[in-house]
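Enquirer: Input: one structure, supplied below.
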Ligand code: HEM
Ligand code: FES
């Protein structure tokens, strides 16, 4: 058991947890996106409401959802711990002149980008997740079955310009976080190989652009069209 | 050339340092960076001032003793050691800021000299192979594929100067440690102590208070020997597999 504690209290072990939770969150983003795209169906919100009902009641999804919350907390917790450690590793005196042109902007600002994502997560969870779980929702009937009408709640928020602006801004932060984070997680796991590096890089960067762009497209579409 | 130097002066590890400005009027573009400092030091001594302390030894780019954080880059603007840097890499009239490596694990000894014995302790914790005495083995007795030998040799070119730590925004030593882990992990001679080595070296690295790598790649771009961050991925692999599979041998051989 000792080795287990040693492993996960070492910097490498902590980074391993960062990478694993990060990759899990990437998978989560993808599934979440597929769900959100239902908002674009021109059916008055029916397919989105049916999907949301399934996600908030299915027992298996509930377990995964608990895990997801735990992984977010773990990812954030370790990142705070490591960021403090990294800052103190520089020592009491900092450089007077620095030049960051040897690394990407994203890679140097993962903490700030992550914090933006966290702020977004809190707002987002309050407005949609907490609304769905803890408040009285408007109802919709499809084929004689009653559903909670989360679509109308989403439509209300996405009708406000400032909210859509905030949403799009935060999606950019997610994009930049993943611009570095996706490939970085593989490097952390030790999955670095001449034959696969270009593919990991390509998929990571494509993911970092396409997924946040599609997320952002949904409120833009609902606001303007 | 006329060069203005802003140099970090610090009496010893317990005092607070500050920048001091020096103007050098007659710098030849053919001088090496360290020669330029030598000339400045001569002037200071002649004027009865305290000379500037900086590390150097071979001045051939092979010992890893020289350091200096020059205008925001370890070893200056080129990807080489400070001793191999020449004044022609700077412009006439330029102001050059020279700082020591900044890391909690590398305390300043005096002026621009830092104590890098943290690296020695990491190396001592596992960066070696044990060879028993006996007859001399035949050369090429152990077959090693050329590409593997090259990869190990590339890792072994690390001179342990600490530029990776200086360049890293997290003051992480992972490029250094991973090079030292890799040079043995790749070769048959390194196999017997492979798992123990990486476990001990990583533990010592953490013990010294270096930061955690965030894969920015700044170290690789600044390393005078061009050590690749592929080595860091290899160290991670080595470490995770060692930690999860190595025997925890108790005294007396365990059960
Ligand atoms: C949708 C949410 C998120 C996803 C998909 C995600 C994904 C990732 C990935 C894949 C990495 C790379 C891991 C590695 O280099 O090994 C990473 C690193 C990081 N994340 Fe996140 N992250 C998310 C949210 C957050 C949040 C909310 C924070 C908050 C404070 C955060 C802070 C960080 C930091 C500081 C790093 C760099 C740490 C390091 O490389 O050691 N992330 N993230
Ligand atoms: S003095 Fe030896 S490497 Fe520069």
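Enquirer: Sort out which residues of segment A:114-159 are in a strand (DSSP E or B) and buried (at least 16 other Cβ atoms within 10 Å of the Cβ), and write them in order of number. Spell out how you get there, then give the answer.
Expert: Within segment A:114-159, the subset in a strand (DSSP E or B) is A:139-142, A:145-148.
Those that are in a strand (DSSP E or B) and buried (at least 16 other Cβ atoms within 10 Å of the Cβ): A:140, A:147, A:148.
Enquirer: Here is a list: B:185, B:163, B:179. Which entry is within 16 Å of ligand 2 (Cβ to nearest atom) and within 14 Å of chain A (Cβ to nearest Cβ)?
Expert: Numbers: B:185 fails: within 16 Å of ligand 2 (Cβ to nearest atom); B:179 fails: within 14 Å of chain A (Cβ to nearest Cβ).
Answer to the selection: B:163.
Enquirer: Test residue B:168 against the stated conditions and say whether it is within 16 Å of ligand 2 (Cβ to nearest atom), buried (at least 24 other Cβ atoms within 10 Å of the Cβ) and modelled with pLDDT of 95 or more.
Expert: No: the conditions fail for residue B:168.
Enquirer: Would you list the helices (runs of 4 or more DSSP H) that sit entirely within segment A:1-100 and hold 1 or more residues that are away from chain B (no Cβ under 14 Å) and exposed (fewer than 13 other Cβ atoms within 10 Å of the Cβ)?
Expert: Values: elements: A:2-9, A:11-36, A:46-57, A:59-89.
Per the criteria, A:11-36, A:46-57, A:59-89.
Enquirer: Cβ-Cβ distance below 9 Å, separation of 6 or more or different chains: which pairs start in segment A:74-87 with a residue that is within 16 Å of residue A:117 (Cα to Cα) and free of Cβ contacts under 8 Å to residues at least 24 places away in the same chain and end on one that is within 10 Å of ligand 1 (Cβ to nearest atom) and in a helix (DSSP H, G or I)?
Expert: Close Cβ pairs (under 9 Å, with a partner that is within 10 Å of ligand 1 (Cβ to nearest atom) and in a helix (DSSP H, G or I)) amount to A:80/A:111.
Enquirer: Here's something else I'd like to know. Looking at segment B:52-97, which of its residues are in a loop (DSSP other than H, G, I, E, B), more than 15 Å from ligand 2 (Cβ to nearest atom) and over 20 Å from residue B:28 (Cβ atoms)?
Expert: Listed by number, the list holds a single entry, B:72.
Enquirer: Determine whether segment A:77-91 contains at least one residue that is closer than 22 Å to residue A:211 by Cα and in contact with a helix residue (DSSP H, G or I) (Cβ under 9 Å, 6 or more places away or on another chain). Quick ask: steps written out before the conclusion?
Expert: Going through segment A:77-91, the residues closer than 22 Å to residue A:211 by Cα turn out to be none.
No, there is no match, as no residue in segment A:77-91 is closer than 22 Å to residue A:211 by Cα and in contact with a helix residue (DSSP H, G or I) (Cβ under 9 Å, 6 or more places away or on another chain).
Enquirer: Pairs, please: C-beta under 7 Å, at least 6 apart or cross-chain, first residue at positive phi and in segment B:149-169, second within 16 Å of ligand 2 (Cβ to nearest atom) and outside any helix (DSSP H, G or I)?
Expert: Short answer, once both residue conditions are applied: B:160/B:64; B:162/B:67; B:162/B:101; B:162/B:116.
Enquirer: With more than 17 Å from residue B:167 (Cβ to Cβ), crowded, with 16+ Cβ neighbours inside 10 Å and within 14 Å of another protein chain (Cβ to nearest Cβ) as the only criterion, which of B:7, B:3 stands out? Quick ask: steps written out before the conclusion?
Expert: Details: B:3 fails: within 14 Å of another protein chain (Cβ to nearest Cβ).
Residue meeting the stated conditions: B:7.
Enquirer: So, one more: Can you name the residue in segment B:35-55 that is touching a helix residue (DSSP H, G or I) at 6+ places or on another chain (Cβ under 8 Å) and surrounded by 18 or more Cβ atoms within 10 Å (Cβ to Cβ) and is also nearest to residue B:8 (Cα to Cα) among such residues?
Expert: B:52
The values are calculated or read from the model by the stated rules, or taken from the named source; none is laboratory data. Remember, predicted model here, so these are calculated numbers, not experimental data. So basically every Cβ, Gly included, is an ideal-geometry build from the backbone, and we count neighbours across all protein chains shown.
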